[in-house]
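Q: After the structure tokens below, expect a handful of questions from me.
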């Protein structure tokens, strides 16, 4: 009977560890989407140095805000898993947004839909 109680407690703890990691990972993207736009948008504007710097700043803010919040949660839980989930998502987002910035910068993309994109600058209908 005591062995069954210990097994149940261990199972509950493992479930909570898994949930904490998943919450930290998933909720990181809620914070990221509140403070920043999509990687596609970053790629679309990365040819404009001012817009690129601004977008990168929002990625940094997202990583800091999320990991401070989930660090506090980890401290309250006395378990690192929610912070590890957020840190994992942060690493992925850092790589993803960095790749989008490099792609957009290489393409010279400065915007979309208004004729200011590099690919549209040469179109006859964009000239005054």
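The values are calculated or read from the model by the stated rules, or taken from the named source; none is laboratory data. Quick caveat: nothing in here was measured; it's all calculated off a predicted structure. Every residue, glycine among them, receives a Cβ derived from its backbone with ideal geometry; neighbour counts consider all protein chains shown.
Q: Residue by residue through the range 41-67, note down the ones that are without any contact (Cβ under 8 Å) to a residue 40 or more places away in the chain and either buried (at least 20 other Cβ atoms within 10 Å of the Cβ) or not in a helix (DSSP H, G or I) (or both).
A: The answer is 59, 62, 63, 66.
Q: Report whether or not residue 9 is surrounded by fewer than 15 Cβ atoms within 10 Å (Cβ to Cβ) and at pLDDT below 90.
A: When the stated conditions are applied, residue 9 passes them.
Q: Here's a follow-up. Output the number of residues of the range 68-107 satisfying the condition of being more than 22 Å from residue 15 (Cα to Cα) and either without any contact (Cβ under 8 Å) to a residue 60 or more places away in the chain or surrounded by 18 or more Cβ atoms within 10 Å (Cβ to Cβ) (or both). Outline the logic, then answer.
A: Quick first cut of the range 68-107, residues more than 22 Å from residue 15 (Cα to Cα) only: 68, 90-107.
Okay, now just the ones that are also either without any contact (Cβ under 8 Å) to a residue 60 or more places away in the chain or surrounded by 18 or more Cβ atoms within 10 Å (Cβ to Cβ) (or both), so 68, 90-98, 100-102, 104-106.
Residues that pass the stated criteria total 16.
Q: Go through the range 43-75 and give me each residue that's touching a helix residue (DSSP H, G or I) at 6+ places or on another chain (Cβ under 8 Å), modelled with pLDDT of 90 or more and within 15 Å of residue 98 (Cβ to Cβ).
A: Those that are touching a helix residue (DSSP H, G or I) at 6+ places or on another chain (Cβ under 8 Å), modelled with pLDDT of 90 or more and within 15 Å of residue 98 (Cβ to Cβ): 52, 55, 56, 58, 59, 62, 63.
Q: Here is a check on your reading of the model: is residue 110 touching a residue at least 12 places away in the same chain (Cβ under 8 Å) and not in a helix (DSSP H, G or I)? Spell out the reasoning first.
A: On the way: touching a residue at least 12 places away in the same chain (Cβ under 8 Å): yes; not in a helix (DSSP H, G or I): yes.
Spelling it out, residue 110 is indeed touching a residue at least 12 places away in the same chain (Cβ under 8 Å) and not in a helix (DSSP H, G or I).
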